[in-house]
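The values are calculated or read from the model by the stated rules, or taken from the named source; none is laboratory data. All of these numbers come straight from a predicted model, not from anything done at the bench. With ideal geometry, Cβ positions are generated from the backbone for all residues, glycine too; neighbour counts draw on all protein chains shown.
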Amino acid sequence: MLRLSIPVIHVSLSETAEEFYAGKLGFEKQFAYRPDETKSDPRYMGFVRDTAWIHVSSFPGDSVAGCAVYLVVDDVNTLYSEFRSKGVDISLEPTDQTWGNREMYVEDPDGNSIRFVQEGSP
């Protein structure tokens, strides 16, 4: 039985990614691993917000930049207001899709698309 899926998002600079995911999107860093503590990168980090987990990695070979992550949320409009107040650039403002969802997209500094989706019915 499958129980959990955690996307691994590739980033070029872990410090920039931490500022974005924790500082802008409100995720909390739960752990970080670097083989050399004297260097910022490569680093692998785990973030959580409510019950949603994401991992980011600047290790070569861990995913590729430019991915899309789909996060199911209760209220896109509330997140939109929060993100705008923090200066997050919104690539797709809250939009009612023809398939029934209300969606908002943001891009991290590496061009990964983080999609916040309030599921509906068509």
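Restricting 72, 64, 56 to those that are in contact with a Phe, Trp or Tyr (Cβ under 7 Å, 6 or more places away or on another chain) and either more than 16 Å from residue 8 (Cβ to Cβ) or among the β-branched types (Val, Ile, Thr) (or both) reduces the list to 56. Tallying residues that are in contact (Cβ under 8 Å) with a residue 12 or more places away in the chain and either among the acidic types (Asp, Glu) or closer than 22 Å to residue 81 by Cα (or both) within the stretch 30-47 yields 2.
Modelled with pLDDT of 95 or more, under 25 Å from residue 101 (Cα atoms), over 10 Å from the mean Cα position of the chain (by Cα) and of a type outside the set (Gly, Ala, Ser): is that true of residue 13 in this structure? Working first, answer last.
Values: modelled with pLDDT of 95 or more: yes; under 25 Å from residue 101 (Cα atoms): no; over 10 Å from the mean Cα position of the chain (by Cα): yes; of a type outside the set (Gly, Ala, Ser): yes.
Taking the combined requirement at face value, the residue does not satisfy it.
Within the stretch 79-89, the residues that satisfy the criterion of being at negative phi and surrounded by fewer than 13 Cβ atoms within 10 Å (Cβ to Cβ) are 81, 84, 85, 86, 89. Among residues of the stretch 1-13 that are within 14 Å of residue 52 (Cα to Cα), those with a beta-carbon under 8 Å from a residue that is surrounded by 15 or more Cβ atoms within 10 Å (Cβ to Cβ) and among the aromatic types (Phe, Trp, Tyr) at least six positions away or on a different chain give the pairs 4/53; 6/53.
Residues in the stretch 53-76 that are free of Cβ contacts under 8 Å to residues at least 24 places away in the same chain and surrounded by 12 or more Cβ atoms within 10 Å (Cβ to Cβ): 59 only.
Just one of (1) under 16 Å from residue 25 (Cβ atoms); (2) in contact (Cβ under 8 Å) with a residue 24 or more places away in the chain fails for residue 92. It is (2).
The lone criterion from (1) loosely packed, with under 11 Cβ neighbours inside 10 Å; (2) outside any loop (DSSP other than H, G, I, E, B) left unmet by residue 39 is number (2). A residue that is touching a Ser or Thr at 6+ places or on another chain (Cβ under 9 Å) and over 19 Å from residue 119 (Cα atoms) occurs nowhere in the stretch 73-90.
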